[in-house]
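Enquirer: Pasting a structure below so you can have a look.
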Amino acid sequence: MSAAPAYSEDKGGSAGPGEPEYGHDPASGGIFSSDYKRHDDLKEMLDTNKDSLKLEAMKRIVAMIARGKNASDLFPAVVKNVACKNIEDPNQLIRASALRVLSSIRVPIIVPIMMLAIKEAASDMSPYVRKTAAHAIPKLYSLDSDQKDQLIEVIEKLLADKTTLVAGSVVMAFEEVCPERIDLIHKNYRKLCNLLIDVEEWGQVVIISMLTRYARTQFLSPTQNESLLEENAEKAFYGSEEDEAKGAGSEETAAAAPARKPYIMDPDHRLLLRNTKPLLQSRSAAVVMAVAQLYFHLAPKAEVGVIAKALVRLLRSHSEVQYVVLQNVATMSIKRRGMFEPYLKSFYIRSTDPTQIKILKLEVLTNLANETNIPTVLREFQTYIRSMDKDFVAATIQAIGRCATNIGRVRDTCLNGLVQLLSNRDELVVAESVVVIKKLLQMQPAQHGEIIKHLAKLTDNIQVPMARASILWLIGEYCEHVPRIAPDVLRKMAKSFTAEEDIVKLQVINLAAKLYLTNSKQTKLLTQYVLSLAKYDQNYDIRDRARFTRQLIVPSEQGGALSRHAKKLFLAPKPAPVLESSFKDRDHFQLGSLSHLLNAKATGYQELPDWPEEAPDPSVRNVEVPEWTKCSNREKRKEKEKPFYSDSEGESGPTESADSDPESESESDSKSSSESGSGESSSESDNEDQDEDEEKGRGSESEQSEEDGKRKTKKKKVPEGKGEASSSDEDSDSSSSTSESEMTSESEEEQLEPASWRRKTPPSSKRAPATKEISLLDLEDFTPPSVQPVSPPAIVSTSLAADLEGLTLTDSTLVPSLLSPVSRVGRQELLHRVAGEGLVVDYTFSRQPFSGDPHMVSVHIHFSNSSDTPIKGLHVGTPKLPAGISIQEFPEIESLAPGESATAVMGINFCDSTQAANFQLCTQTRQFYVSIQPPVGELMAPVFMSENEFKKEQGKLMGMNEITEKLMLPDTCRSDHIVVQKVTATANLGRVPCGTSDEYRFAGRTLTSGSLVLLTLDARPAGAAQLTVNSEKMVIGTMLVKDVIQALTQ
Amino acid sequence: MKSAEGTPNTRGSSGGGRLQTTREKERQCSGAQEANAQPGALEAAARSLPDGRHGFALLPHATAPASDALRPLGQQQKMIHSLFLINCSGDIFLEKHWKSVVSQSVCDYFFEAQEKAADVENVPPVISTPHHYLISIYRDKLFFVSVIQTEVPPLFVIEFLHRVADTFQDYFGECSEAAIKDNVVIVYELLEEMLDNGFPLATESNILKELIKPPTILRSVVNSITGSSNVGDTLPTGQLSNIPWRRAGVKYTNNEAYFDVVEEIDAIIDKSGSTVFAEIQGVIDACIKLSGMPDLSLSFMNPRLLDDVSFHPCIRFKRWESERVLSFIPPDGNFRLISYRVSSQNLVAIPVYVKHSISFKENSSCGRFDITIGPKQNMGKTIEGITVTVHMPKVVLNMNLTTTQGSYTFDPVTKVLTWDVGKITPQKLPSLKGLVNLQSGAPKPEENPSLNIQFKIQQLAISGLKVNRLDMYGEKYKPFKGVKYVTKAGKFQVRT
């Protein structure tokens, strides 16, 4: 291209008058006819008062600039008339466009103005303007990188933004300007995780990819215990026959092996995994891939599997998407074969697939082949070998070779199959087979003399140089297996030597040398002849080789020292080659990246860092939130933050349990919300929410038709229960089993309308109902007042109220400080009067050891019947429990007369986690789905120890097992009594005697694993205090610190 | 041709960032003066066009790559830098640059790869060139080639390019060279709004339609007379809301909501007629013309059938998780609500079977071809629109066939046999048989060709999926609702 003359000219200079393109442009009247005459009207338009004209003018300018045209003569007009003025415009869209125009002007003089405008816009009221500001940052940065420091300040500010609109754009700016400033993310990490689902698709990709990098620097590897074992298993896979055990086996051994250090996932790590998972169901392939790579790089081995299904789904998409996804699947399937095994058939190849797709699918099929599925895979391969697409056939043959090396059982079958291919009509097929056979024979040559003979015969026909060379090498290497044929082959090759290709010639020399060493009688002359021919060859490589070989094998007069070792040199046993996938180890590039696809580092690629050895301080992510009260508050904040339809859970921090699965988590969350009664707007919706919880359980149960029947009959009896109406809607939805004929669709609509509005109304309108709500609950609640919160002021949540209540109770009793039998949690509602159709169920944590099983938390369940009919046959139905959690049911209560109350004790082994235990509470006629979520303080029991013991144990639990937090004790909370009360009310710990007056020590053991939990509170007279918790269970420790601090400071 | 690309490569050098920046500034400043005083540059630009490639947007070349090369690392790196649209004959008929201009010559790497691939389908979607990466898609006989300068997830770009093609389709009814050339103004406007500085900005069709009106004949006449443009007068308030996919102020006199449940059977049937692999993939496409802000919920009789679902962003994920109800505020117009896969435990009913006997005789330059197609498990519905496509081996010269139903064509160049069968009536099974002429002397083909079958069954979702009800909240009027079911063959292949 004649680049030279144009080279000196700047791209900005392209907008000359009468540019040639307008000759072709049929729409010269349109937006692009921005020749000089029209600039005047642009200026006029910029000066008008009409928003639409201004907007259009700016659009046209942006378009001009984007096409590389010079708009610099409009610069003053834009800056003066629009940018500066309109940046103050009351209409947010105008402000945004003004900034977009301004930032598109690539003239260095305006850098300061642009900087000002960006800063201004970054604190604009409108999130859309702030988004535009984020977009402008990389533009300014590319114009003048000296502004970096100032820009980082803006980025930092925008990162703190709480709207989904801004999140994607600012992370994008972050990635372009300062990807190394990972510290800016700390405070925003949890927020980004929670906003993620509501961010637009493009932003999601950018955020997920950034968070992957972040997580790699901040958390510990979830597979640290498995990594060693995995390596061993890998070796076994390539070297031996017992690869079968690899997939499942290694995991089992990993579990069985003594863990070097118990690994507990950081709750923030878990948060990221949980909040990205739903995005696997995005319609955007890019988002799905982003989540998939996140899981691949960050999730524990056992959890990575969830991505397989989504990736397989993408194989139905456009062929480009298939291409990229298959590349990534190929890499993943080497490390995590088991994950894709169930989808083996989805990788079967169709004759209509493009060749590049075929070859990638073949790669995946080969990676997935194992002892069990190899027969099916080989049968498929047989079909492929007859394909018309020869490149594909060649790839298939190599794939068969790889299967044969990896899976010992089928080696002979494969070899025979390949030998049959030697008689194929297509030379390429034969040649490829020879090459693969050669590699296979090297693994066990002794048994295959016949095949070598067969190959030797082929030298007459096969012309493909690589294949000929391979055959010659084989014959030379194993000449003792074919002592008669080998010299004959050499004879033939000597004859055709001059006509051969170079690689063939080299192998002829090799063959000659080896035969000379083993069978010099027959081949001496032939060898000399070949060497002489080679000596005068045109290729110096061949001449060199000939000279070298001659010196080695033919003993010269000096009796060269080397020639004595010639045999060792030529006939040394050679290790068999390893047939490896070209995708092996490609996962050192971040999956889904351009670099991974190209298998080369692309410009601007950010390395995926290795996991740190020691976890960096997790508290950097803590955000100071006023009045932190566990779930209820979280629920409220979530509503404030507006997610439109997501299930994000506000600023959920380390209070989350570490390894609960997402479903139970969300369930327990919504449950707790309906229990505590906060965050609901009216009693109807309260009921509906409870009902939603029920539905979850019920949905899964709907197959049990006999129970359905029961339910149906019961339902007909019930008069207009509020909870009932909405649940009938669900029934007609979820399955055909129960169709509520009496319910008309109109009534359903009426019932549901408020619900749907509630979802839609902007979050700002949330506050008022929330305050109203609590009083509603209190007024309507006719349950025995006992320990229910006494309407706390304003927004204070019930759990806080429970705190206060716990306080008063303990204050009045003043038990000796060593024993702390009263939980601050007080009485919690398990089943509301309305939802329970008159049955009211509350529960308390009694803190008494559960008689049946010491690992269980004993929970007292209080039933009372507020209906006017007796309730019969109260018992626990089939529990649906997360792994590890178990329940000891209470004995069935045969009958509960109207107005009567009863108490039962049940034990729950929560497995040292705050996951909710969900179960059914059954009466003769009804089932209620309930769940109990323990506060962390109830998961332990006090132990008694001396000060010395305490110090000794504490010494063992340092480092990662120690969590320290500073706090200020309020005036009301300075006396010994109150401090001890508050701590013991929060956690079931025993006081440890202590020498110094300002220190408080408490000790306990978790119920399930018996891990020690040691709590130290160092209180200075002025109120400053330091709280330390030492425990092997880091999650419990973290949560406990939170809870205790909250109790002490309120 | 490559001179522009081959300019001195200083990308690798990380030092001297400041110096280069200043150089660039200088060039930018001087650019303004040069523009006015350089008629010669335009000629140079015109000359620099490759032969036979005329561009709608002739742009001066060659300088931009040079400045790219001078850029220090970590600067000026845009996600998507430029886009070229290329037709099947290799003409670059449209180009769009979001920042600086990248020479068309960069496409030569693409053409090179295209030649090597021999087949449009085999052009690698990602190509690495010395200074850029090219990521391309092939849609409707057009290549969309984007120029990337820096690490970016390839799927991000591919997804975006498809979104661009979808938008063209949506605006112009088809995504073809002619349509794009006819609407070049709108095309540029769209591209400008869709990407800001290389990063996707507004990609939702509803927002775009608020910003830029789709073309109508009347408007284009009015525009050409008055000189106004298609830029919308209203402000795109949708962009500001939580529901970015829906435009505000939608009004219809007839409020309608239609859903098409379309299921496709992917299958591989082996020689003996047994099913090697079969799977049902489905989508629900919606056409919603409802006024205001309707809030819909769609429920199924048997939602458990849906194994793996992907959602339009409008769907409330949590509702689906807990209740298996699709609850959403729909975009206005046509969109894909969900796509799903039916769980693999369910046995897939295969609606048709094929009896086939294809043989090539050794040394006789002819072969026999005989296929019969019949209904198998059709759930009592008529199978219609049956087409059989066969890619015959290269050695086949011609085919002399007779058919009992429908018509067939054989293209001796591409060797594709197409048999348009139509409906199956169980009384008389359609068959196609006759002789195959082979190239004389050539070895007989190793493999029999596989048969690709298309069919359609109306009013049936083969998985048995059934919509239970559609409820609308938030608006007072009574909408007209409709659901249609269709089953089609997806990638349905019979090996012979």
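The values are calculated or read from the model by the stated rules, or taken from the named source; none is laboratory data. Worth saying up front: this structure is predicted, and the values here are computed from it rather than measured. Counting neighbours? That spans all protein chains shown, and the Cβs are built from the backbone with ideal geometry, glycine included.
Enquirer: Every residue in the range A:340-374 that is free of Cβ contacts under 8 Å to residues at least 12 places away in the same chain, surrounded by fewer than 19 Cβ atoms within 10 Å (Cβ to Cβ) and more than 27 Å from the chain's Cα centre (by Cα), please.
Expert: Of all residues in the range A:340-374, those free of Cβ contacts under 8 Å to residues at least 12 places away in the same chain come to A:345, A:350, A:352-353.
Now drop any that are not surrounded by fewer than 19 Cβ atoms within 10 Å (Cβ to Cβ), which leaves A:345, A:350, A:352.
A:Arg350, A:Thr352, listed by residue number.
Enquirer: If only one of B:Ile268, B:Ile288 is surrounded by 20 or more Cβ atoms within 10 Å (Cβ to Cβ) and more than 9 Å from chain A (Cβ to nearest Cβ), which one is it?
Expert: B:Ile288
Enquirer: For the range B:236-346, give me every one of the strands (runs of 3 or more DSSP E) that falls completely inside it and has 2 or more residues that are under 25 Å from the mean Cα position of the chain (by Cα). Show your work before the answer.
Expert: On the way: elements: B:256-269, B:275-289, B:295-300, B:306-311, B:325-328, B:333-342.
Qualifying strands (runs of 3 or more DSSP E): B:256-269, B:275-289, B:306-311, B:333-342.
Enquirer: Filter the range B:129-158 down to residues that are in contact (Cβ under 8 Å) with a residue 24 or more places away in the chain and part of a strand (DSSP E or B), then give me how many there are.
Expert: Keep residues of the range B:129-158 that are in contact (Cβ under 8 Å) with a residue 24 or more places away in the chain, which gives B:129-132, B:134-137, B:139-150, B:152, B:154, B:156-158.
This time we only want the ones that are part of a strand (DSSP E or B), so: B:134-137, B:139, B:142-148.
Within the range B:129-158, residues that are in contact (Cβ under 8 Å) with a residue 24 or more places away in the chain and part of a strand (DSSP E or B) number 12.
Enquirer: Assess whether A:Glu175 counts as being out of contact with any Asp or Glu (no Cβ under 6 Å at 6 or more places or on another chain), in a helix (DSSP H, G or I), at pLDDT below 90 and under 27 Å from A:Val291 (Cα atoms).
Expert: For A:Glu175, the condition - out of contact with any Asp or Glu (no Cβ under 6 Å at 6 or more places or on another chain), in a helix (DSSP H, G or I), at pLDDT below 90 and under 27 Å from A:Val291 (Cα atoms) - is met.
Enquirer: Which pairs do you get when a residue that is at the interface with chain B (Cβ under 7 Å from one of its Cβ atoms) and within 17 Å of A:Leu344 (Cβ to Cβ), found in the range A:313-324, comes within reach of a residue that is in a loop (DSSP other than H, G, I, E, B) and charged (D, E, K, R), reach meaning Cβ atoms under 7 angstrom, with the pair 6+ apart or on two chains?
Expert: So the pair list comes out empty.
Enquirer: Do we find a residue being within 18 Å of A:Leu597 (Cβ to Cβ) and assigned to a loop (DSSP other than H, G, I, E, B) anywhere in the range B:88-110? Spell out how you get there, then give the answer.
Expert: In the first step, residues of the range B:88-110 are kept if they are within 18 Å of A:Leu597 (Cβ to Cβ); the result is B:109-110.
With the extra rule that they be assigned to a loop (DSSP other than H, G, I, E, B), the set shrinks to none.
No; the residues of the range B:88-110 include none that is within 18 Å of A:Leu597 (Cβ to Cβ) and assigned to a loop (DSSP other than H, G, I, E, B).
Enquirer: Here is a further query. I'd like to verify a number: residues in the range B:121-155 that are facing another protein chain (nearest Cβ under 9 Å) and under 17 Å from B:Asp91 (Cβ atoms), how many?
Expert: Number satisfying all stated conditions: 4.
Enquirer: Return the pairs, sorted by first residue and then second, in which the second residue is assigned to a loop (DSSP other than H, G, I, E, B), the first residue lies in the range A:871-892 and is at positive phi, the beta carbons are less than 7 Å apart, and the residues are 6+ apart or on different chains.
Expert: These pairs meet every condition: A:Gly873/A:Glu892; A:Gly873/A:Thr923; A:Gly873/A:Gln924; A:Gly884/A:Cys911.
Enquirer: Between a first residue in the range B:328-351 that is surrounded by 19 or more Cβ atoms within 10 Å (Cβ to Cβ) and a second residue that is among the polar types (S, T, N, Q) and modelled with pLDDT of 85 or more, which pairs have beta carbons less than 6 Å apart while being 6 or more apart in sequence or on different chains?
Expert: B:Ser339/B:Ser310; B:Arg341/B:Gln281; B:Val342/B:Ser463
Enquirer: Evaluate the following for B:Thr409: is it within 24 Å of B:Val494 (Cβ to Cβ), surrounded by fewer than 13 Cβ atoms within 10 Å (Cβ to Cβ), modelled with pLDDT of 90 or more and more than 14 Å from chain A (Cβ to nearest Cβ)?
Expert: In short, yes.
Enquirer: Still on this model: Give the residues of the range A:494-524 that are closer than 17 Å to A:Ala566 by Cβ, free of Cβ contacts under 8 Å to residues at least 12 places away in the same chain and among the small types (Gly, Ala, Ser), sorted by residue number.
Expert: Step one: list which residues in the range A:494-524 are closer than 17 Å to A:Ala566 by Cβ, which gives A:509-521, A:523-524.
Those still in the list that are free of Cβ contacts under 8 Å to residues at least 12 places away in the same chain too: A:520-521, A:524.
If the condition is that a residue be closer than 17 Å to A:Ala566 by Cβ, free of Cβ contacts under 8 Å to residues at least 12 places away in the same chain and among the small types (Gly, Ala, Ser), then A:Ser520 is the only one that fits.
Enquirer: Every residue in the range B:399-430 that is hydroxyl-bearing (Ser, Thr, Tyr), touching a residue at least 24 places away in the same chain (Cβ under 8 Å) and in contact with a Ser or Thr (Cβ under 8 Å, 6 or more places away or on another chain), please. Walk me through how you get there before you give the answer.
Expert: In the first step, residues of the range B:399-430 are kept if they are hydroxyl-bearing (Ser, Thr, Tyr); the result is B:402-404, B:407-409, B:414, B:418, B:425.
Checking which are touching a residue at least 24 places away in the same chain (Cβ under 8 Å) leaves us with B:402-404, B:408, B:418.
The answer is B:Thr403, B:Thr404, B:Tyr408, B:Thr418.
Enquirer: Tell me which helices (runs of 4 or more DSSP H) are completely within the range A:86-162 and hold 3 or more residues being of a type in the set (Asp, Glu), or say none if there are none.
Expert: A:148-159
Enquirer: Which residue is surrounded by the fewest Cβ atoms within 10 Å (Cβ to Cβ), if the candidates are limited to the range B:291-301 and must be facing chain A (nearest Cβ under 7 Å) and within 16 Å of B:Tyr340 (Cα to Cα)?
Expert: To start, the set of residues in the range B:291-301 that are facing chain A (nearest Cβ under 7 Å) comprises B:295, B:299, B:301.
After this cut, where a residue has to be within 16 Å of B:Tyr340 (Cα to Cα) as well, the list is B:299, B:301.
Values: B:Ser299: 20, B:Met301: 17.
Looking at residues that are facing chain A (nearest Cβ under 7 Å) and within 16 Å of B:Tyr340 (Cα to Cα), I get B:Met301.
Enquirer: Might you let me know whether the range A:547-562 holds any residue that is under 59 Å from the mean Cα position of the chain (by Cα) and outside any helix (DSSP H, G or I)?
Expert: Within the range A:547-562, none of the residues are under 59 Å from the mean Cα position of the chain (by Cα) and outside any helix (DSSP H, G or I).
Enquirer: Let me ask you something else. Look through B:Gly441, B:Gly490, B:Gly464, B:Gly385 and report the one residue that is in contact (Cβ under 8 Å) with a residue 12 or more places away in the chain, surrounded by 15 or more Cβ atoms within 10 Å (Cβ to Cβ) and outside any strand (DSSP E or B).
Expert: B:Gly464 is the lone residue from the list that is in contact (Cβ under 8 Å) with a residue 12 or more places away in the chain, surrounded by 15 or more Cβ atoms within 10 Å (Cβ to Cβ) and outside any strand (DSSP E or B).
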